[in-house]
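The values are calculated or read from the model by the stated rules, or taken from the named source; none is laboratory data. Quantities reported herein were computed from a predicted structural model and do not represent experimental measurements. Glycine gets a Cβ as well: all are built from the backbone with ideal geometry, and neighbour counts include every protein chain shown.
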């Protein structure tokens, strides 16, 4: 932000010179004199005070504040920073019939030192018993809140808590619902959405803001009159900009049901994920492995696809290529295809892009 003139950066020497100019000419103002020594500390303090006043001023405006000061600003409008949430899912316990799986049993993914990934722990939520089929599905919750708890199929494979009669553990489905504490950027976006597009007795902005109040919601689309008069469809994605899980959809539906106007018929649904598969041949710079380049490129593409969710109508072929060419270690590429095509990939109104397979081969 632009600071007012009296807070513009001014060096201590300039302040000192201005102060000395106000002293009568017949008084000794040379360096080391009584007057000089008396004013020098004051000039230093004034210079520091001006810097601090500029900082204080910036903390008073939503766009330039941060951390707890942004929290205070949001509280004035009834907004609260979303806390981190724990991922949930199911783990298949295999073993002897009749083996009891108590609540509180800890299982985890396997740490990968080469990739720098730590083990993610999960805890069973209630007691279950292995059936005659030789297994039982047990509900689990991540031991720690955060998006790291959203793991893919088959990676929960380690039994931390010793348990006799168990031969194996495995998650048959991905876990979901884990989200990190809301950062300043996302909180500011919600704040600006609320104050710049205020709700008025159940208008479109109201439904968007109501959905965004639920922890774990990353963005919202609202379709008024989607199925006739008095109907509203609310489409959501999670904080990772992925299709929302059933629990999050239900949580949003329950919250809106409480705050919506009487008589409105509401349908809450998750966006549909459109899988984006990328394949290309690359020429590598010296010192780079194909795996390293593919890992870097995958992270870049994930960030790009998150930007597109509910914000654009297609995945750009040119942008995908540009991101590949700008990936460290890539000198050139050829044969780039998206879902087997050399074209932009259109996104329907309720679709969001989800990264599938990224396959890079050395040319």
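Of the helices (runs of 4 or more DSSP H) lying entirely inside region 1-97, not one is found with 1 or more residues being under 30 Å from residue 132 (Cα atoms), free of Cβ contacts under 8 Å to residues at least 40 places away in the same chain and not assigned by TED's automatic domain parsing to the domain that holds residue 215.
Is there a residue being touching a helix residue (DSSP H, G or I) at 6+ places or on another chain (Cβ under 7 Å) and without any contact (Cβ under 8 Å) to a residue 60 or more places away in the chain anywhere in region 288-296? Taking every residue of region 288-296 in turn, none turns out to be touching a helix residue (DSSP H, G or I) at 6+ places or on another chain (Cβ under 7 Å) and without any contact (Cβ under 8 Å) to a residue 60 or more places away in the chain.
Restricting attention to region 32-50, does a residue exist that is under 30 Å from residue 138 (Cβ atoms) and touching a helix residue (DSSP H, G or I) at 6+ places or on another chain (Cβ under 7 Å)?
Within region 32-50, none of the residues are under 30 Å from residue 138 (Cβ atoms) and touching a helix residue (DSSP H, G or I) at 6+ places or on another chain (Cβ under 7 Å).
Under the condition of being buried (at least 17 other Cβ atoms within 10 Å of the Cβ) and assigned to a helix (DSSP H, G or I), the residues counted in region 256-276 number 1. Tallying residues that are assigned to a strand (DSSP E or B) and touching a helix residue (DSSP H, G or I) at 6+ places or on another chain (Cβ under 8 Å) within region 113-140 yields 1. Answer yes if at least one residue in region 189-211 is crowded, with 17+ Cβ neighbours inside 10 Å, touching a strand residue (DSSP E or B) at 6+ places or on another chain (Cβ under 7 Å) and in a strand (DSSP E or B), and no otherwise. No, that holds for no residue. The set of residues in region 103-128 being surrounded by 12 or more Cβ atoms within 10 Å (Cβ to Cβ) and farther than 16 Å from residue 158 by Cβ consists of 103, 125, 127, 128. Scanning region 70-84 for residues that are crowded, with 17+ Cβ neighbours inside 10 Å and modelled with pLDDT of 90 or more, which turns out farthest from the chain's Cα centre (by Cα)? Among them, the one singled out is 73.
If I go through region 155-173 residue by residue, how many of them are assigned to a loop (DSSP other than H, G, I, E, B) and under 24 Å from residue 246 (Cα atoms)? Here the count works out to 4.
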